[in-house]
Structure formats: structure tokens, C-alpha cells
1. Just from its helices, what would the mean residue ellipticity at 222 nm be for chain A, if runs of 4 or more DSSP H residues each count -39500 (n - 2.57) and the sum is divided by every residue, rounded to the nearest 500 deg cm²/dmol?
2. Take the alpha-carbon centre of the stretch A:151-215, take the same for the stretch B:358-432, and report the distance between them in whole Å.
3. May I ask what percent, to the nearest 5, of DSSP beta bridges between residues of the stretch A:201-354 are antiparallel?
4. Treat the count of other C-beta atoms within 10 Å as a stand-in for reagent exposure and order A:TYR87, B:TYR381, B:TYR371 from fewest to most.
5. At a Förster radius of 25 Å, what calculated FRET efficiency corresponds to the Cβ-Cβ distance of A:ARG63 and A:ASN92, to the nearest 0.05?
6. Any idea how far the Cα center of the stretch B:230-266 sits from the one of the stretch A:393-429, in Å?
7. What does the average come to when, for each residue of peptide A:125-135, you count the partner chain Cβ atoms lying within 10 Å of its Cβ?
8. Write down Rg/Rh for chain B, rounded to two decimals, with Rg from the C-alpha atoms and Rh from the Kirkwood relation over Cα pairs.
Amino acid sequence: MSTAPAAADKKAPANEFNPFESMAQLFNTAADHLGLDHGLREVLRRPDREMTVAIPIVMDDGRIEVFTGYRVQHNFSRGPCKGGIRYAPDVNLDEVRALAAWMTWKCAVVDVPFGGGKGGVICDPRKLSKNELERITRRYTAAILDILGPDRDVPAPDMNTNEQTMAWIMDTYSMHVRKTTTAVVTGKPIALGGSRGRTEATGRGVLFTTREACKNLGIAPKDARVVVQGSGNVGGIGAMLLQREGYTIISISDQYGAIMNEKGLDMPAVLAHVKATGKLQGYPGAEAIEGGKKQLEIPCEVLVPAATENQITTENAARINAKLIVEGANGPCTAAGSKMLDDRGIMVVPDILANAGGVTVSYFEWVQDRMGYFWTEERVNTSLEQVMVKSFEDVSAVAQKYKVSMRIAAYILSIDRVATVYRMRGVFA
Amino acid sequence: MIGTSDISALDYDDPAPISHAVEDENPFGTMMASFDEAADRLGLDPDIYAILRKPDREIQVSMPVQMDDGVMAVLDGFRVQHNAGLGPYFGPLRIQAGLRMDELRAVAGWMTWKCAVLDVPFGGAAGGIRMASSRYSRGEVERAVRRYVAALLSDIGPERDIFSSDVATDEGVMAWVMDTVSMHARHTENAAVTGKPLALGGTHGHADSVAQGLRAVLREALEVVGLPQRGVRIVIQGAGMRGGNLASLLVLDGHKIVGLSDVHGALYDERGLDIRSLLGWRAEHGSLRGAVGSFERITNEEMLVRPCDVLIPCAVAGTVHLRIARALHAKLIIEGAHGSISSRADRVLFDRGVHVVPDILATGGGAVVNYFEWVQNRAGYAWTPETVQKRLLRFMTNAWVEVHKLRLEHKVSLRMAAHMLAVQRVSQADGLRGIYA
């Protein structure tokens, strides 16, 4: 949002391949439907707070190097900010801002009581030792400590950060505030207050949204051929869970290529093969086919792009041969590509709904940490199912009311939720 | 209890001061010895383990307290915080004459391991006031407790260090602690202590928490030993909160309590004792002395070696010593009190093939229900008695399953397996958090 110029003309031709511009366009469309006034649009376009910090670190060889870190808190009207921290050489404030806004909408769609946040450090983790990474993490945490906390801002893992990074943040924060504070981050190891079922959460969310969408479209699981792009935590686990529910996974891909079996892949065996060899290639129970965008054109009932952004564009949207697309990844369909899918009557479950299982279980982790009592995996999964099903129904209802696509409906719903809270709280002065 | 008697000497249910159980000058070192062995067997990184060889923090405070006659007494207060890897510190608050720092160190370390075995997200602590509560008025004890809490205020609290009730600290004392912390914090802070009265945020199931935990591990252990789930002959040493409650529960489960004792002596009847009437007598008269029935009256020591299938010592430490270990008949011993079995006796029992469920696992029900109290206080929502029982059972069973898994995997005793599980969990947390600097 904040990447868009304040007076952006929504009809101006945007760069199709900039997902943040796509999001800005969607924001404007949804705000128009809601008749949102100018003042609130301005409020929601801008992050509530941005922080840039210098991170001086003594490197292993004794040199001091100064890194730059950011934390952007887009909107905290609905609760503390929630969002990942990424470490990458190309981290920049514009990207962090856009991702923070994205988190605000995602949290609002699934109605978890968080606003959006995002952070990052400009660094190349491949060139840093584990000790240097630990010092960067701790210094970054200390530098933004005043705006962090279970009731202020709760980070999570993102690109190049993991459970260990979260454990360091938790420890640094706890040492500073002089008390154990597990709820300051999510995505922690289970031994330190993490939640059961978190690794599978996004894949499981994909399962629930796919199931609900199929019900709406009248597709029975046994008649549903599913093509999945990506075989990691989202695609791989999502495919396995879908198969368990009776769907037929006919193709799945990774960065090296794709495999296909019209009769259905045996997902546990496929994932075991990936675990053992590092790739899908060579899996004996299927034929190797071309991966990349070509795979997306396979005739099927359900297509789950769960790899990366900009996969379905104006260039290939006409050749997509599915009845339903469930966006496991962030921004796999461009706005223009998505429009073509709408016109063709293909239902798209948008990313901010379809892959929100992860942030939902992050929320559960925060809840468990606050009470200090930890749920069984079944309890986590049941609660996740309730949230995902309810969110899907909420978005469907908005889509019907405004006669718009699920994607625009998801934005209308989330913007309306944030705006409503903002109006109720009023402007503090 | 305060002001009536020094219960530590009289009541079987009080955890014995560790120094009774070991001859060594340094109780902490002795306690750690078995964990050193566990760390060895696990092949643990010595750097990480080195952290666990010392308590994180030890605090000693001097406490001026006004006596009823106007004289100022200066008392000593202590708190040892052993390890915060898994969460806030948690451990007993004692009021005891002759309280010693090294004894508290051992208890604090012990609490770290116990919480880890039970998967309770706390680290261990222990502390108290050195005073013979029986020689002071209730008002004097109250002033001492409040002064002690005020002196430690910056180091305690729901996310820092949680006090649990213990020797001579009943729920009335815990209420004073809660009140003092709350007044200073300027808001209700009932999660700062456990063992509170129900009206002030205490939990259901606190009184028989240890007994319920013992019952849960007994069920699991009977399965492994190959004894039936009903009709087993059981001897219980101790007839108070632990032993007495346990005896009642086991009778309900259809077992036969053939021996029961208190500090004054033991009763034995191989056809099974009438537990209900005996405990009724004890509640009325304060001891089992003078109770009537068809049982034999014998000494505590004799009872331990009488025929039975399961022996559950719930009394002071060291009651099962070498001689008794050689003579006893039980196939299974559940250690119902801390250090019931001396270390030499433990080796004899292992060689004889007698199964021993170690204290650190068996008596964990207390820590688990204290933890539940803290959880309910934080949530501001009290659980029903059924919820407490159901969840306690789950925690005990899970701990048992994990310990038993390690036992089979490493071909060690249950005791060693429990120690290994504890060391594994605590060092994993310390390793993940890293060294803060």
C-alpha cells in the first residue's frame, strides 16, 4: 500500500509482475466497493510506525561490520503486530512496508487479533557464520526492543530465518525484560514454547480451503484431480493431506521439474523420496514431465500453485485447465492474470485466505505462550479447521453480497474489519 | 499449621531435607552426580552441561522483623534459582529452622529436573526463611513472610520465579505472599505463588495431586511388570496427604492395601486393611495409634519387608536402605517421597530385578498441578476438578511413556532413564537459547 503513490490511479497500467502493485490495486478496488472515505484510505495506506536500526557486529575475524535492520508496523488497531523477519541481501524498506501491509490484511481475513508487521536485516546469511548470525539477531532484537513484546509486536520466521533465530530473539528479549517471555515471537522450537502442528499449518490450511471450495463447486474429493506446484511445507504437506482426504494428486513439482501419474501419486512415498534424495526427479511411481509454468496447464479440477509468485499471468491464464485454483504461495497469480481467470469462471481462493493457516497457528502459539499451557496437536488442528472454514464462509458471503471474486471479497472483508475497528477506537490524541 | 508444631519433624508428608538422605558434605554435588552420569550416557556437549553444574543465581537477604514484644529479630532468607532454560523458576518456599543454602541448592536443581521430566515449562528454584515457625506467633511469621517477599521482589513473580507451598508453608502463608506481591505490583498477581486457597486462585485437585500422580504411574508400571490392574497387594508407608489419599484411591481401584503406617507405627493385614475406617480414625485422633481392627501392629521397618506385590514408600527419605532392600518381597517399588531409596539400596534392587519407579517421575503430580494453578491464574479461568484430573493423567502418562522409551533404548533403569530425559530436555533448551551476551 505504502509503495503506491498516494493518488494512484487504479486504472493506470501497473507493472504486472510487481506483486505489491497488484496488492495496491486490489486495495483500491476493495476500498471503492466499501465506499471508504479518503481519510481512512490514507490511514490504511501508511504504516503506523517504521524503524530503521544500525546493527554493529564484531565479526569472527575481529572486524566491526555495521548491518541495517528494519521493522515496520503497518497497523495495530486490531492488536499487536504480527509478521516475519527476513535476512537477505536485497531486503529494502519498500518491500518490508508492503509485506507488513499484506500481513494486516491476512490477519484480518482469518480474524486473528493482530495487525501486520514485517522486519528484515540486509545481510547475506550464506556468508555469515552461525555465531555472527546469532550476534546480528541479538543486536537487532535489542535495537528494536522498545517496540517489541507480546502486546506490541510479535515476529515470526521468514526468508532465511528459522526456529533457532526465534529462540535467540526469545532469549534476548527475556534477558532484557528479566522474565521468561515466550510470547514475544512465534515459530519457536516446541521445547521453548512453540506450538504443535505449526510446520504443517499452512499445508493444512490449504487442505481446508480446498475442501470448502470444492464443496461450493460441487466437486467430490474422489472426482478431484489435483496438480500441485511446489513440494515443500505448503505444497508437499498440502498434497499429502489432500490425498489422505480422498483427492487424487496427479502431479507435483519442485524447482528441478515435475512428476505425473494420472492414477494418482502416493504422496507419503513421494515425500519420502524427496527427503532421501533432495528432489522429485527419479521417483519410480511416476513419469517425469516438464516443470515450471508448463505443469500448470495440465487438465485437472484443482490447481494449487504453492511455490512462488507470478506463475499465472496474462500470458498463460487462457491455457489454465482447472476449475479451482488455491493459492498456496503468496501472489502466484498476477492481478491481470487473475482477472482473466475470473472471466473464464475459474474460482480462485486467494493467497491471503488460502495460505493463512500459518499465521493462524502462529496466533495459537502466542495464545498458548500467554497462558503457559500447551495444546495437543489434535486441538491445534481442530481449532485451525474452525478458523479456516469460518474465514472461507465469511469471504464467500462477501463475494456473493458484492458480486465480486473471492480475491476482491477477501480484501473487502479485511479492509472492512480493520476500518471498523479504527472507527470504533477513534483517533487518539 | 504455623504456631502449633514444627511439622517437619512429625509429619511423613513433608519432603525430607535432602541432607538426611546423603552423607556427603555437599548435597548439590551429590544430587548432581547421577545427572552427570545421565549426561555422560547421552554424550552431551560438556560446554552446555557445564552451565547446569551451577545455579543461575543465589540470593541471600537479611530480614529485620518486629516481634510481638517489640524486640527486633534479624532473620535470614534465601532463594536459589537454578536454571531458567525452560521457563520461569519455580520451587518451594520453606520456613524451617536450620535451613541451609547448600540444601536449597540441591532442591532447586532437583526441581529443574523434575519439571523437565514432567514437561512443565519451568526451571527449578528453592528458598525459604530460617526460622522455627513453631516458636513464633502467627503475626510474627506473617511479618517475616511479607518482609521476605518484599526483599526478593525484583527477582520473583509469575514470569520470573514462582513460589510453591512446602515445609511449614500452608495455604495461609501462600495467601500472604500473593497479597504482598500484588500490593507492590499494584494489581492482583495471583500467579506468583501456587498452593493458594481456592478462594484466592488456588486449583482443584491440589491436596491429592501427588497421590493422583502416583496412582497414574502405578497403572503404567503394573502393565510393564505384568501385574493385574486390580487386586494387587500394596504396602504404603505414610498415611497423610500422600500416603493416605493414595491408599483411598487404590482401594477404589480395587487393590488391596495390606500395610499402612505413620510415624508411630505400622499396621499389616494380608487380607487387606479397612482403609476408610483407619483414615477416619486418623483424621479424628491425629494418628493411627489406638485404631482397632484385626490387623497386626508392627514397626515401620518390619512392614517394608512383609509380603506384598507393590511397595510405595511415601515417608521421609532413606527408609528403604540396604538391609531392607535385600529382604523386601515387592516386585515393584514406587518412590512416593523424595529419596525414599538410598543409593546403595537402589543398586541392590536393580540387581535383584525389582522394578523401581523413581521419585523424580513418581512424585511429579505435585509439580504438575502447581503448574496448572499458574496456568489457570494466567488465563483468569478456573478449571473443573475433572479437567484437572484428566490433564494431570495426561502429563503423568506422557512422562512415563518418554521415560520408558529411553529405558528400552538405552537399556538402563527407569531412574537413569528419567534423569536422562531431564538432562536432555534442559540442555536442549539451553542450547537453543544460546549464551546471552
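1. -13500 deg cm²/dmol
2. Comparing the Cα centres of the stretch A:151-215 and the stretch B:358-432, I get a distance of 23 Å.
3. 30
4. In increasing order of surrounding Cβ atoms, one gets B:TYR381, A:TYR87, B:TYR371.
5. 0.55
6. Between the Cα centres of the stretch B:230-266 and the stretch A:393-429 lies a distance of 63 Å.
7. Mean shielding by partner chains, rounded to a whole number: 1.
8. 0.96
Quick note: the coordinates plus some simple rules give every number you see, no bench work behind them. In this text the structure is predicted, and so the values were computed from the model without any measurement. Glycine gets a Cβ as well: all are built from the backbone with ideal geometry, and neighbour counts include every protein chain shown.
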